[in-house]
Each structure stands twice: as structure tokens, then as C-alpha cells.
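Values in this text are rule-based calculations from the coordinates and carry no lab data. For clarity, every value in this text was computed on a predicted model and none was experimentally measured. Neighbour counts run over all protein chains shown; Cβ positions are idealised from the backbone, glycine included.
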Amino acid sequence: MGNRRKTRHLRTVILSMAVVGLFLLCVSIFYQGLLEPISSVPAESGGASLSEAASQPESAPEQPPASSARQDETPSAAASGETPASSAPPAVSSEASPPESKAESEAPPPSSAAPVSSLPPVSVPEGDPYPELYVPKQEFIPHELGDKVVYLTFDDGPSNLTIPVLDVLDKYGIKATFFVVGKTSEEDKEALRQTVQRGHTLAVHTYTHEYSQIYASPEAYLSDFSKMRNLIYETTGVEPTIYRYAGGSVNSYNKATARAITDEMNRRGYVYYDWNVDSGDAQHGSTAESIYQNVISQTSKYEKAIVLMHNSSVKKDTLDQLPRIIEKLQEMGYRFAALDPTVQPINFRLPD
Ligand SMILES: [Zn+2]
């Protein structure tokens, strides 16, 4: 009997232990269920900060190509870095620690890429009469052997023949350079704007084209140059960085001042371009045929040709010959490009 009571007691103990165990199990399951949503709250807020960390490595690989491809466009490089960041969140689900350490290891490139993509700061001396006439110096990219390239250049525009020239260039999908003079009619200003809008280089030639006046002294040259720079800048928003001397860098009016003027312009960061091919369209007695022959025969001697042409209102022959010239040069294997300050200039030898 005592045994049976013992057994019953034991059964009660086991049963109650089982009940307690079951209860504890239920409690632990309940708490786990509670804990999960609690722990997922910091996980989400952690996820938000993660999205920033993850978006950094996302944008970081995009930045170097953007800045190296367009060294002069810091703002757009920065913008392209921001664009992928906002579209990055889908990639956020990756683990927290690797992207974070990646973000840290890759954080320096964007900040160090900024000074590389932005050009060196220009320091303007105090009291300079032309503080706006300073542009950043850029490295020249050497011409590659075997690269047959023609830089068509048009002096003395804008004129009523500028838009027609632009139309021809557009037809062939090629870019050129326009060294312009101080003309301020609405038609001429529109020609300046179109030149920029259609992707060509707008550069300074001279405002007055008055040799005896502009080459009188470095100060006189700067005065004329600044007027032309201001007209271009105020009309198109373009800051011109390259120029061509009226009459070329070596002419009969600047023998005494060419060196001083060029030194001053170099100091301010500007690059000037002469030419190695002269269409002869400004010479007396030039004909449509002579313009064509001059360009083709002279260009054939060079892999890199800077071609002098004119775009004043009387240069109709040049305009008319342009399609023929372009087609022949393309047939000869040349590509066309616009000048920019990274193109190594062709310069005449200045008098000492
Ligand atoms: Zn000229």
C-alpha cells in the first residue's frame, strides 16, 4: 500500500514537473516571439544607417571613371556620385560589417578624387586690374603616333556665315574651334550661343582686331582681350581658356611686344594656337579651288593638322568648300576634333 502511495506521489511529482516544464517552454516560446520583433526594430534603424554605408561603396566605383573622364567637371562628377546613392537601397540587404569596412577603405577616393578632378586653384594677385583673366593651367595630352587628326579653326566670326558653317559641321557630326571677334548684334550673339550649344569650342581672337592698338603693350592687349572674354562669358556662360592672336603670334605689328604679351598670357593660364595648315582664304586672289587644294595638300604632310580658315561675312568660298574638304580628309583617314587646352599647341617661333 505504501508503495502504491509512493508511486502515486511520484506520478504527481512527475506530472507537475511536466506541467511546469511545459509552462516554462510556453513562456520561453512566448518571450522568444516577443524578442524577435523587439530585436528587429534596431535592425531596421541599423538598416537605415547601413544603407548609407552601402551606398558609399556603390557610388565610390562610379566616381573615379566619372572624374577621370571629365576632369574639368567637378560638379557633374559629384552629382553622378549622388545619383547612384539614391538608387542604392536595393543592395542594402548585404551584411552590415563588410560594406561598412568597405565604405571606410573606399571613403578616401571620393575625397581625394575631388582635388584631382577639380583643377588647381587660381591665385589672383591683389590689385590685379583684370582679376577675371585667370584660368587654371591644364596638362597637355601628347599626340599619339598614328592618330590622324584635323582641328578645323575659324577666325573672325561670328557672322551671317556662322550658322551655315555650323550646319555643315553638324551634317558630318564633327566639332571645330571658333576664334571670335567683338561683334554684338543679336544675330552675332545668337551665333555665339549656337556655337556653344552645338558642342564647338568658343575661343578668343580679339575684340577690335586693330593690330596697332592691341599690340602696343601687354596692358593694351589685356584690355582688348578682357572685352572679348567678357562678351563670350556674358553671352554664352563659357569661360574661354584658349586664344589665337590676330594675325598669328608672329606678325609685323607685335615684334617688340609679342614676348611680353605671351609671357603675361601664359602667367594667367591661357593657351594660344597658331596653325600648320593655311587655307589661304584670307589672301588676295584666293579662289574656292585654291582653298580646297591648300587644305588638302598641306594637311597630307601632317598627322596632326591645325587648319586656319575664316568665318567673316565675306568667306563664302570657305563655307562652300567645307563639305568637299571634310569628305576628302575623312577619305584620307583623318578624324576631326575641337581644340581644348589639353591639346598641345602648334606655335610659331616668337622673336626673342
Ligand atoms: Zn583674324
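Mind checking the full-extension length gain between T184 and E139? Use 0.36 nm per residue of separation minus the Cα-Cα distance, one decimal, nm.
Using 0.36 nm per residue and subtracting the Cα-Cα distance, I get 12.9 nm.
For V271, V295, which order do you get if you count the other beta carbons within 10 Å of each Cβ and list the fewest first?
By the 10 Å Cβ count, ascending, the order reads V271, V295.
Please go through segment 251-344 and write out the GluC sites (Glu not before Pro) that DSSP classes as loop and that have at most 16 other C-beta atoms within 10 Å.
When the GluC sites (Glu not before Pro) of segment 251-344 are filtered for loop state and at most 16 Cβ neighbours within 10 Å, E303 remain.
So if I take the alpha carbon set of segment 149-336, get Rg, then get Rh from the Kirkwood formula, what is the Rg over Rh ratio?
Ratio of gyration radius to Kirkwood radius: 0.95.
In nm, give the distance between the simple-model label positions of N251 and Q330, each being 7 Å from the Cα along the Cα-to-Cβ direction.
It is 3.3 nm.
A260 label point, 7 Å along Cα→Cβ, cut-off 16 Å on backbone N: hits in segment 199-229?
What the label zone holds, given the 16 Å backbone N cut-off, is 212-224.
Excluding same-chain pairs closer than 8 in sequence, count the lysine pairs in segment 149-336 whose Cα atoms lie under 23 Å apart.
22
Using the eigenvalues of the Cα gyration tensor, what equivalent ellipsoid semi-axes result for segment 294-352 when each is taken as the square root of five times the eigenvalue, whole Å, largest first?
22, 17, 12
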